[in-house]
Amino acid sequence: MSKINELAEKYYDYAVEMRREFHMHPEPSMQEERTSKRVKEELEKLGLEAEIIAGTGVTSYIKGNGEGKTVALRADMDALELEEENNISYKSKNGGLMHGCGHDAHTASLLTAAKMINDLKGEFKGRVKLIFQPGEEIAEGAKALVEAGVLDDVDSIMGIHVWNELEVGKISVEAGPRMAAVNQFIINVIGKGGHGSMPHQGVDALTAGAAVVMNLQSLVSREISPLDPSVLSVGIFKSGTRFNVLPGKAYLEGTTRCFSRELNDKFPEMIERVASETAGSYRAEVELEYNKMTLPCTNDKELAEIGQRSAADLFGEESLAHVEKTTGGEDFSFYLAEIPGVFAFVGAKNEDKVEYHPHHHPEFNIDENALKVSSALYTKFALDFLSE
Ligand code: NI
């Protein structure tokens, strides 16, 4: 058993204790006051200096025994607006809030990795930068940290998500697209109201809006390459007030998802063109608002190879698993747009111990053995990258 595996065993009780503490005290995105304070305290107990960044973010360095590169390890800390329905001793004490995505596990694992890396600091050159990030769920945290310069002195970055779609003990650190760019669009269709019995006197925004919804569907099926996976979904369509009133306005809201940076940049223009030309043929106009929430989360090839080797060294080749890329989003993508990095999925599912529920479910829970895997993987990846 390697030294890192031994340390992960040694600090496992600490990891569980931390995870349960954070689980009991979930906080909303960008308001992780208590979590941030506790993370800082725990780092200071190790003799590390911790710095607050972007409100509730925390960063710290662990320096090795000589000059070298800097690798960043990132954990997110925020919870969800969700009422927990688990019957556990460490159930959420904050009504309406729950660690329903596993970010409590990420924070605990990175704190545990900090202890491990600190114990091993005589054995590597360079620096490990710990990044405890706020606001992942609303895709504001990583962006704010990047703007505050968190990556200015960093060569590469690694992030972990515990994953309930994967058995505990399995790890996916794969090159290429892992999670999609998430975008929101709002289309206001502007017509001219009138009497429902005399539509020719006005401009029917509802009919124009319905045509916009239908024609937008042709973007993915007719204009975008079938080899460039993408989604366009309209989730809200509001129009009209009364059966005999001609609607002068329609409101549409939807989301796009894609994995390529090129398509992600082209989407707003495509939507604008189809929406305005479609509405125009009905004499209506449109106003488009387009918000890029996350970018494509794409793993660097070489770093993915290092990550796979790290995982295999710790847990054997059989621990490496394939996880198909998902159309969900991750704000870790804002780091990956700046520097090379890698995002790993660490299995947390074990139906013998914990009933399976997907992420964001009120009964979401993990097999805590995943903490051992993620704290070891953080540590091993950092040391392997620095010794490259
Ligand atoms: Ni998450």
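The values are calculated or read from the model by the stated rules, or taken from the named source; none is laboratory data. This structure is a prediction, so every number in the text was calculated from the model and none was measured. Neighbour counts run over all protein chains shown; Cβ positions are idealised from the backbone, glycine included. In case anyone asks, the SASA skips ligands and DNA or RNA and just uses the protein heavy atoms, side chains included. Shrake-Rupley method; radii C 1.70, N 1.55, O 1.52, S 1.80 Å.
One table, with the values for the structure above:
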read-out: Residue match in region 54-74 (condition: within 15 Å of residue 21 (Cβ to Cβ) and within 15 Å of the ligand (Cβ to nearest atom)); value: no
read-out: Hits in region 91-116 - residues which are within 15 Å of the ligand (Cβ to nearest atom) and outside any helix (DSSP H, G or I); value: 97, 98, 99, 100, 101, 102
read-out: Options 323, 346, 373; residue that is among the β-branched types (Val, Ile, Thr) and over 17 Å from the mean Cα position of the chain (by Cα); value: 373
read-out: Among (1) closer than 30 Å to residue 363 by Cα; (2) away from the ligand (no atom under 16 Å from the Cβ), the one test that residue 158 misses; value: (2)
read-out: Residue 138 being within 29 Å of residue 28 (Cα to Cα) and touching a strand residue (DSSP E or B) at 6+ places or on another chain (Cβ under 7 Å); value: no
read-out: Tally of residues being surrounded by fewer than 21 Cβ atoms within 10 Å (Cβ to Cβ), of a type in the set (Val, Ile, Thr) and over 30 Å from residue 84 (Cβ atoms) across region 99-146; value: 1
read-out: Residue within region 338-348 that is within 20 Å of residue 175 (Cβ to Cβ), surrounded by fewer than 19 Cβ atoms within 10 Å (Cβ to Cβ) and not charged (D, E, K, R) present; value: yes
read-out: Pair list, Cβ under 6 Å, 6 or more apart: region 115-133 residue in the same structural domain as residue 158 (by TED's automatic domain parsing), other residue of a type in the set (Phe, Trp, Tyr); value: 115/11; 127/61; 129/61
read-out: Qualifying positions in region 307-336 - under 28 Å from residue 228 (Cβ atoms) and in a helix (DSSP H, G or I); value: 307, 308, 333, 334, 335, 336
read-out: Residue count for region 370-388, restricted to those that are open to solvent by 50 Å² or more (accessible area, probe 1.4 Å) and over 27 Å from residue 65 (Cα atoms); value: 0
read-out: Counted residues, region 125-139 - those being assigned to a loop (DSSP other than H, G, I, E, B) and within 14 Å of the ligand (Cβ to nearest atom); value: 6
read-out: Residues satisfying the stated conditions in region 164-189, i.e. part of a strand (DSSP E or B), crowded, with 17+ Cβ neighbours inside 10 Å and of a type in the set (A, V, I, L, M); value: 166, 171, 179, 181, 182, 187, 189
read-out: Condition met for residue 315 (open to solvent by less than 10 Å² (accessible area, probe 1.4 Å) and among the aromatic types (Phe, Trp, Tyr)); value: no
read-out: Candidates 67, 81, 85, 51 - the one that is surrounded by fewer than 19 Cβ atoms within 10 Å (Cβ to Cβ), within 16 Å of residue 153 (Cα to Cα) and touching a residue at least 24 places away in the same chain (Cβ under 8 Å); value: 67
read-out: The listed residue being without any contact (Cβ under 8 Å) to a residue 60 or more places away in the chain and either within 16 Å of the ligand (Cβ to nearest atom) or not assigned by TED's automatic domain parsing to the domain that holds residue 275 (or both), out of 344, 312; value: 312
read-out: Residue check for residue 40: outside any loop (DSSP other than H, G, I, E, B) and of a type outside the set (Phe, Trp, Tyr); value: yes
read-out: Subset of region 147-163 (residues that are open to solvent by 10 Å² or more (accessible area, probe 1.4 Å) and either under 16 Å from the mean Cα position of the chain (by Cα) or among the charged types (D, E, K, R) (or both)); value: 147, 152, 153, 155, 163
read-out: Residues satisfying the stated conditions in region 1-50, i.e. touching a helix residue (DSSP H, G or I) at 6+ places or on another chain (Cβ under 6 Å) and among the charged types (D, E, K, R); value: 19, 27, 42
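This table checks each residue for (1) β-branched (Val, Ile, Thr); (2) part of a helix (DSSP H, G or I); (3) over 30 Å from residue 196 (Cα atoms).
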position: 214; (1), (2), (3): no, yes, no
position: 218; (1), (2), (3): no, yes, no
position: 225; (1), (2), (3): no, no, yes
position: 237; (1), (2), (3): no, no, no
position: 255; (1), (2), (3): yes, no, yes
position: 269; (1), (2), (3): no, yes, yes
